[in-house]
Protein chains: 2
Amino acid sequence: VNIKPQTLKGFRDIEPEEALKRGRVLSLLKSVFKSYGFQPLETPTLEYASVLEGKYGPEADKLIYKFQDRGGRKAALRYDLTVPLARYIAQNKGKITFPFKRYQIGDVFRAEKPQAGRYREFTQVDVDTVGIDTALADAEIIGVLATCLQLLGIEKFEVRLNDRAVFQDLPVRAIRILDKLDKIGRDGVEKELVKAGFGREILKKVEGQKQTPRLKEIFLALEYFGLDKNSFRFDPLLARGLDYYTGMIYEIFIPGESGSISGGGRYDKLIGVPAVGGSFGLDRLTAAVPEKTFENIPFQPQVLVTIFAPDLIQSSLTVFSLLQAQGIETEIYLDPAAKLDKQLKYADRKGISYAVILGPQEIKEGEVILRDLRNRTQQSIDMKMLSRALATT
Amino acid sequence: VNIKPQTLKGFRDIEPEEALKRGRVLSLLKSVFKSYGFQPLETPTLEYASVLEGKYGPEADKLIYKFQDRGGRKAALRYDLTVPLARYIAQNKGKITFPFKRYQIGDVFRAEKPQAGRYREFTQVDVDTVGIDTALADAEIIGVLATCLQLLGIEKFEVRLNDRAVFQDLPVRAIRILDKLDKIGRDGVEKELVKAGFGREILKKVEGQKQTPRLKEIFLALEYFGLDKNSFRFDPLLARGLDYYTGMIYEIFIPGESGSISGGGRYDKLIGVPAVGGSFGLDRLTAAVPEKTFENIPFQPQVLVTIFAPDLIQSSLTVFSLLQAQGIETEIYLDPAAKLDKQLKYADRKGISYAVILGPQEIKEGEVILRDLRNRTQQSIDMKMLSRALATT
């Protein structure tokens with residue numbers, strides 16, 4: 001049977017160059033998380049549907065992928081990494097030392113209408129501190145995310161903070177309308193509020209709110225963490241629609257880009273233990289990283305070791321193994337019967353910088369030809385000097 | 001509503017220490033793959049069910065997780081990383097430069113009866129070379145996997161190789177029985193073969209087979225790649241049950257451990273382009289890595305910066321930020337109101353080696369107390385010397 005090769009709607013392949021960039025971003029993030037004392041945790045991709053349902057609000061609930069497994073259990077693909085963390089904490093409360101600081105990198109699934117640059121499976125990167133309710137814990141989450149951005153070369157960003165306490169007199173329904181501010185604008189929000197039966201003055205009242213004492217403490221701690229004062233501000237209209245936030249909420253914006261690059265907040269009721277956290281979406285984050293951060297990633301191996309003739313394969317493999325063992329990213333041409341010309345063309349097409357050629361004459365003299373494919377020059381060098389020559393290019 | 005916090009049967013959480021070990025294994029594997037010129041590719045977790053069905057044989061097909069998505073599409077959780085690669089190649093044939101050498105690390109799902117140490121979601125690590133059919137390409141796959149094992153500190157292993165050509169006169173049904181050799185032994189296989197209507201002599205005939213010319217070429221290339229001759233051998237009874245193999249097949253064993261740590265082979269018909277590959281299961285691989293490989297992973301931050309009193313928070317945060325920026329894994333105690341004693345107990349419980357204490361006297365003199373929590377000694381040192389002192393411990 002011939003099946004049409006295609007991915008499901010809203011799903012995609014991540015090809016080598018993009019995958020290498022994402023890998024670089026993730027390894028920088030992990031090093032920052034660890035330097036702050038956060039540790040990795042991995043929860044499964046599938047959870048009991050009942051663990052996820054009713055946690056994200058009615059709109060989001062509809063987007064959860066659910067199905068029945070063979071044993072008749074209702075399973076669901078995880079929708080985010082926060083609710084599985086809550087499940088993990090509840091399940092292991094007795095043996096965890098609090099505060100428990102963890103990071104998790106994992107794919108989440110949302111059956112949303114696919115849009116440009118938005119997928120139904122995407123990678124989230126979360127950091128959370130569980131088991132403590134202090135301004136310092138709140139500020140540290142912002143601090144670790146800001147350090148990540150700086151290390152990735154994203155120098156300009158703005159953290160907008162608010163406190164759910166600012167909305168304490170508002171029903172959840174009104175908060176969800178407020179959360180649409182970015183999408184439908186101030187006028188749109190006002191219209192929807194009136195339509196939903198709230199007074200027109202509600203928006204003005206929220207705008208006029210003052211910083212809570214807790215927010216003041218957080219702002220001070222952010223300064224102590226070394227954050228530039230211009231990189232964060234109070235935003236009384238920031239709402240974040242998710243049902244589970246109870247204290248500080250925030251989003252991080254990059255000037256000139258629409259939508260936030262990170263967001264999170266405190267959610268003390270989801271777990272039964274106080275908790276605060278934040279997350280990055282890897283797609284949006286990687287897209288925001290300046291090219292210079294990726295400059296030193298080799299997208300192709302540096303060297304192709306060619307095979308001059310089938311009976312000379314041993315010398316080529318020996319040289320290849322030598323380079324490879326020294327950590328020089330190297331390919332061996334895999335078809336000994338191919339003409340040298342074809343081998344060099346392959347290196348060219350892949351953008352490999354150097355070719356190593358070992359003809360009978362070179363092998364006899366313990367030499368190799370090192371060909372620079374970019375400027376089409378070549379030199380004979382002693383076999384023993386090859387890795388040093390390549391390491392210094 | 002109170003939901004019982006639990007994972008689905010056959011699923012699990014991977015806790016920090018184990019997650020750190022796995023992370024170390026994966027970063028070593030990635031560096032080896034790259035050094036051989038393999039590049040990362042990421043395919044989605046969900047595929048069209050029709051892409052996966054009929055590729056693994058009837059028994060395996062039953063273990064694929066399938067469900068209908070909202071748009072009525074039949075979706076499936078990936079069962080391995082090979083068939084999605086085949087789908088990717090078929091979908092992108094026109095734009096790929098062959099040979100295409102890729103690695104992929106990803107979770108796969110199999111609805112098997114859970115057993116000790118076996119899960120329904122587990123991480124596979126695959127390397128494949130697509131678009132070329134040579135002994136050198138076959139040998140390189142073995143070479144890269146062997147290099148991984150060596151780098152992980154697994155020094156003793158045996159690669160058993162066979163060629164599907166050895167079975168060319170056998171029906172698939174008989175090959176599947178042969179594949180049970182590890183589980184049910186030679187006698188068991190013989191019984192099942194007879195029961196299935198094959199002659200008793202079939203097993204003897206297979207055992208007497210000679211190396212194919214291709215296998216001889218592969219063995220020679222393995223030597224040239226620098227592999228110890230004692231680390232690989234011909235095994236005419238090695239079958240590997242999957243339907244898609246067409247040429248070389250192999251498994252890697254560690255002496256004294258049952259079951260293979262890696263396996264793979266050539267599958268030229270699955271894609272329509274020749275291909276060869278292999279994979280590790282991350283659980284089994286990580287379990288086989290000797291403890292000394294993990295010796296230098298810090299499972300806990302090295303330092304806890306304490307807070308002497310709420311009004312002295314600024315100095316502690318400054319010192320914390322300084323250490324953190326220098327890559328020293330550090331925690332700041334997150335509750336400024338906690339007594340110093342409680343803070344030190346927390347560090348002890350978490351196994352953190354050092355505590356930094358900044359009292360009013362120290363702050364005035366530009367010093368800190370560095371307390372070694374393992375041998376209960378402490379010293380006052382200049383604040384500027386702190387990171388150097390910690391870096392050399």
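Residue-level analysis places A:V206 outside the set of residues that are at pLDDT 95 or above, of a type outside the set (S, T, Y) and over 28 Å from B:S315 (Cα atoms). If you check B:T293, B:T318 for being touching a Lys or Arg at 6+ places or on another chain (Cβ under 9 Å) and in a helix (DSSP H, G or I), only one passes: B:T293.
Condition first: of a type outside the set (D, E), open to solvent by 10 Å² or more (accessible area, probe 1.4 Å), more than 30 Å from A:Y88 (Cα to Cα) and modelled with pLDDT under 95. Can you find one or more residues in the range A:262-285 that meet it? Within the range A:262-285, none of the residues are of a type outside the set (D, E), open to solvent by 10 Å² or more (accessible area, probe 1.4 Å), more than 30 Å from A:Y88 (Cα to Cα) and modelled with pLDDT under 95. Number of residues in the range A:337-388 that are in contact with a helix residue (DSSP H, G or I) (Cβ under 9 Å, 6 or more places away or on another chain) and assigned to a loop (DSSP other than H, G, I, E, B): the value is 8. Within the set B:A76, B:A139, B:A146, B:A135, the sole residue that is more than 19 Å from B:F38 (Cα to Cα) and not charged (D, E, K, R) turns out to be B:A76.
Among the residues of the range A:339-367, which ones are without any contact (Cβ under 8 Å) to a residue 24 or more places away in the chain and of a type in the set (G, A, S)?
A:G366
The residues of the range B:145-163 that are in contact (Cβ under 8 Å) with a residue 60 or more places away in the chain, assigned to a helix (DSSP H, G or I) and open to solvent by 10 Å² or more (accessible area, probe 1.4 Å), listed by number, are B:T147, B:L151. Note on the range A:232-250: residues that are surrounded by 22 or more Cβ atoms within 10 Å (Cβ to Cβ) and outside any loop (DSSP other than H, G, I, E, B) total 4.
Among the residues making up the range B:116-132, a single one is open to solvent by less than 10 Å² (accessible area, probe 1.4 Å) and within 10 Å of chain A (Cβ to nearest Cβ): B:T129. All conditions but one from (1) surrounded by fewer than 23 Cβ atoms within 10 Å (Cβ to Cβ); (2) within 28 Å of B:K269 (Cα to Cα) apply to B:F11; the one that does not is (2).
A:R176 versus (1) out of contact with any Pro (no Cβ under 9 Å at 6 or more places or on another chain); (2) under 28 Å from A:T147 (Cα atoms); (3) touching a residue at least 40 places away in the same chain (Cβ under 8 Å): which is the lone unmet condition? Every condition holds for A:R176 apart from (2). Looking only at the range B:328-336, decide whether some residue is buried (at least 20 other Cβ atoms within 10 Å of the Cβ), without any contact (Cβ under 8 Å) to a residue 60 or more places away in the chain and assigned to a helix (DSSP H, G or I). Taking every residue of the range B:328-336 in turn, none turns out to be buried (at least 20 other Cβ atoms within 10 Å of the Cβ), without any contact (Cβ under 8 Å) to a residue 60 or more places away in the chain and assigned to a helix (DSSP H, G or I). Cβ-Cβ distances below 8 Å connect the following pairs, each with a first residue in the range B:17-39 that is touching a residue at least 24 places away in the same chain (Cβ under 8 Å), a second residue that is crowded, with 18+ Cβ neighbours inside 10 Å and basic (K, R), and a separation of six or more residues or different chains: B:Y36/B:K101; B:G37/B:K101; B:F38/B:K101; B:F38/B:R102; B:Q39/B:K101; B:Q39/B:R102. Scanning the range B:97-132 for residues that are touching a residue at least 24 places away in the same chain (Cβ under 8 Å) and of a type in the set (A, V, I, L, M) gives B:I105, B:V108, B:A111, B:V125, B:V127, B:V130, B:I132.
Checked against (1) in contact with a strand residue (DSSP E or B) (Cβ under 8 Å, 6 or more places away or on another chain); (2) open to solvent by less than 30 Å² (accessible area, probe 1.4 Å), A:Q211 passes all but condition (2).
Grab the helices (runs of 4 or more DSSP H) fully contained in the range B:1-115, keeping just those with 2 or more residues being under 15 Å from the mean Cα position of the chain (by Cα), aliphatic (A, V, I, L, M) and within 8 Å of chain A (Cβ to nearest Cβ).
In the range B:1-115, B:16-35 are the helices (runs of 4 or more DSSP H) which contain 2 or more residues that are under 15 Å from the mean Cα position of the chain (by Cα), aliphatic (A, V, I, L, M) and within 8 Å of chain A (Cβ to nearest Cβ).
Pull up the range A:286-312, narrow it to residues that are open to solvent by 30 Å² or more (accessible area, probe 1.4 Å), farther than 19 Å from A:L373 by Cα and among the hydrophobic types (A, V, I, L, M, F, W, C), then point me to the one that is farthest from the other protein chains (Cβ to nearest Cβ). By that ranking, first place goes to A:A287. Among residues of the range A:286-305 being of a type in the set (S, T, N, Q) and at pLDDT below 95, the one that is nearest to the chain's Cα centre (by Cα) is A:T293.
Scanning the range B:318-345 for residues that are within 16 Å of B:K364 (Cα to Cα) and facing chain A (nearest Cβ under 9 Å) returns a single hit, B:T318. Might you check whether a residue that is touching a Lys or Arg at 6+ places or on another chain (Cβ under 9 Å), among the charged types (D, E, K, R) and in contact (Cβ under 8 Å) with a residue 60 or more places away in the chain occurs anywhere in the range B:186-200? For the range B:186-200, residues touching a Lys or Arg at 6+ places or on another chain (Cβ under 9 Å), among the charged types (D, E, K, R) and in contact (Cβ under 8 Å) with a residue 60 or more places away in the chain: absent. When residues in the range A:197-231 are screened for being among the acidic types (D, E), part of a helix (DSSP H, G or I) and under 34 Å from the mean Cα position of the chain (by Cα), 3 of them pass. When you check B:V189 against the structure, is it within 22 Å of A:S316 (Cβ to Cβ) and aliphatic (A, V, I, L, M), yes or no? So B:V189 does not fit the description; no.
If I filter the range B:133-144 for residues that are without any contact (Cβ under 8 Å) to a residue 24 or more places away in the chain and open to solvent by 20 Å² or more (accessible area, probe 1.4 Å), do I get at least one hit?
Looking through the range B:133-144, none of the residues is without any contact (Cβ under 8 Å) to a residue 24 or more places away in the chain and open to solvent by 20 Å² or more (accessible area, probe 1.4 Å).
The residues listed here are A:Y88, A:Y48; of these, the one that is open to solvent by less than 10 Å² (accessible area, probe 1.4 Å), within 23 Å of B:T45 (Cβ to Cβ) and among the aromatic types (F, W, Y) is A:Y88. Taking every residue in the range B:80-96 that is free of Cβ contacts under 8 Å to residues at least 24 places away in the same chain and pairing it with any residue that is of a type outside the set (D, E), at least 6 positions away or on another chain, the pairs with Cβ-Cβ distances below 8 Å are B:Q91/A:P5; B:Q91/A:Q6; B:Q91/A:T7.
The values are calculated or read from the model by the stated rules, or taken from the named source; none is laboratory data. Worth saying up front: this structure is predicted, and the values here are computed from it rather than measured. With ideal geometry, Cβ positions are generated from the backbone for all residues, glycine too; neighbour counts draw on all protein chains shown. The protein model used for the area step is the full one, side chains on, heavy atoms only, and it has no ligands, DNA or RNA in it. Shrake-Rupley method; radii C 1.70, N 1.55, O 1.52, S 1.80 Å.
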